[in-house]
Amino acid sequence: MKQFAPDFLLGASTAAHQVEGGNIHSDCWVMENIPHTLYADRSGDAVDHYHRYEEDIKLLAGAGLNAYRFSIEWARIEPEEGRFDENEVEHYRRVIRCCRENGVEPMITLHHFSSPAWLITKGGWETESVIDDFVRYCRYVIERLGNEVTYVCTINEANIRLQIADIMKRYMMQAQKAQANAAKAGESSLQMGINLQGLQKQQELNALEGAEAFGLADPRALHMFQSPCTEEGDRIICRVHAAARDAVKAICPHLQVGLSLSFHDFQPQPGAESIAEQEWDKEFRHYLPYIQDDDYLGVQNYTRSLIGPEGLLPVPEGAEVTQAGYEYYPEGLEHVLRRAAEDFKKPLYVTENGIATADDTRRAAFIETALEGVRRCMDDGLPVKGYFHWSLMDNFEWQKGYAMTFGLIAVDRQGGQKRTAKPSLAYLGSWRK
Ligand code: GCO
């Protein structure tokens with residue numbers, strides 16, 4: 001193991017809605033609490049990080065880590081349009097200062113998937129007004145906290161809406177094909193008790209109830225950040241980022257500002273090279289004009305994606321698979337870092353990389369392989385300046401709820417939210433001099 005120098009940011013990431021608890025003014029909270037919710041669990045108290053952040057940051061620092069990436073929740077800062085809650089700003093000031101007191105460098109994410117409910121009622125992430133609304137929120141936060149931090153991530157996974165749109169398209173095509181086959185051969189041919197009509201009905205009710213909950217007449221006007229986007233919606237996110245970055249740097253020029261993107265290690269089979277290139281353009285290159293003035297790029301990777309002549313291929317037969325259904329493939333991180341560095345010539349931070357598993361020895365092995373790849377990139381001169389493992393603690397994995405465990409720290413939510421550091425936390429810390 002070739003340890004990282006003291007100035008390398010080595011730590012872990014979380015997201016407000018996934019760990020804090022009680023995010024009652026957010027769009028996710030609304031969608032978790034409609035009758036036909038698609039969420040497996042309600043976030044509820046999450047892992048109570050809102051009240052226990054000091055204990056969690058001390059565990060991170062005590063393991064030898066020196067950086068913590070967390071998000072500031074817009075729905076807490078501005079619970080109603082135009083009404084800002086100073087008390088919540090002071091809460092996040094306490095979190096930032098707790099990092100500093102424990103020798104930990106904070107990286108604040110200004111948007112990590114969840115949004116204020118009022119924004120969705122206004123038209124959400126497909127409406128131009130979101131640009132001014134988000135900039136106003138960023139200005140409010142940075143005017144008050146900007147001098148206490150150095151690293152700001154405007155938007156987590158700015159490309160996820162496009163990726164969701166692609167997944168939904170693939171899913172609908174597969175469902176229609178399955179439905180056609182079932183209709184031909186009768187549902188019993190599916191070898192399991194599945195009611196295709198029921199699945200469709202559930203999704204229709206979910207959309208109708210969601211629209212009603214946000215006061216929208218038409219379910220097609222429900223544009224959360226975690227909804228599939230149009231091309232215009234994707235362009236709006238790019239403009240949101242650029243406007244927020246410029247506003248933030250105008251207030252505090254010292255800040256290092258960027259966004260993070262979800263990167264897939266696309267591996268084309270013979271004949272699929274052009275499809276993989278198209279995917280890479282969609283996932284990364286088309287964002288380049290909007291991030292050239294950024295100070296860094298946040299790189300997030302979890303596995304690889306095999307591409308055949310017909311598109312995405314399933315996980316190879318017999319491959320090790322994680323709780324999230326991803327192939328166990330830590331080598332992907334080095335590959336995406338090298339590809340991103342071909343087009344983006346400024347510092348790179350791994351803002352998320354991790355594994356959902358109940359076997360912590362596999363998490364330590366995953367970290368070892370991933371960090372060996374990061375080291376090779378740095379030894380070859382790539383400007384990789386930090387690695388934030390996803391995640392500091394087991395948390396609310398969005399619609400999958402609490403079933404998946406990504407954390408370096410276990411949390412007993414039924415046992416008083418008790419924290420137990422897993423061996424992988426100390427192992428990650430051992431990579432620092
Ligand atoms: C994401 C989000 C995280 C997820 C993590 C595991 O990239 O989807 O940043 O909120 O929990 O990636 O899926």
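Computed from the coordinates by the stated procedures, all read-outs in this text should not be read as laboratory data. For clarity, every value in this text was computed on a predicted model and none was experimentally measured. Neighbour counts run over all protein chains shown; Cβ positions are idealised from the backbone, glycine included.
Structure above, values below:
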| item | result |
| --- | --- |
| Residues of type lysines that K433 reaches as a straight line, Cα spacing below 25 Å, ignoring anything fewer than 8 places off in the same chain | K2, K58, K346, K385, K422 |
| Backbone N under 14 Å from the R94 label point (7 Å along Cα→Cβ), restricted to the stretch 19-54 | 49-54 |
| Anisotropy class of the stretch 310-376 from Cα gyration tensor, a/c 1.5 cut | oblate |
| Positive-pole candidate from G233, T322, S424, dipole of the chain, charges at beta carbon | S424 |
| Packing-based order for 166-175, 205-214, using average beta carbon neighbours within 10 Å, highest first | 205-214, 166-175 |
| Peptides 96-109, 380-393, 246-259, 308-321 ordered by average Cβ neighbours within 10 Å, highest first | 380-393, 96-109, 246-259, 308-321 |
| Protection proxy ranking of 143-154, 368-379 - average other beta-carbon atoms within 10 Å, highest first | 143-154, 368-379 |
| Stokes-Einstein translational diffusion, the chain - Kirkwood Rh over all Cα pairs, 1.306 mPa s, 10 °C, in µm²/s | 71 |
| Prolate/oblate/rounded call for the stretch 364-433, Cα gyration tensor, a/c under 1.5 rounded | prolate |
| Rg(Cα) / (2.2 N^0.38 Å) computed for the stretch 222-325, rounded to two decimals | 1.32 |
| Overall form of the stretch 96-174 per C-alpha gyration tensor (a/c, 1.5; a/b vs b/c) | oblate |
| Potential extension, Q179-F84 segment - 0.36 nm per residue separation minus Cα distance | 29.3 nm |
| Cα centroid of the stretch 203-246 to Cα centroid of the stretch 60-115, whole Å | 25 |
| Span per principal axis, largest first, for the Cα atoms of the stretch 296-433 (Å) | 48, 44, 24 |
| Label-point separation, Q267 to A358 (7 Å along Cα→Cβ), nm | 2.7 |
| Size descriptor, Kirkwood hydrodynamic radius, that averages inverse alpha-carbon separations across the stretch 11-108, Å | 14.3 |
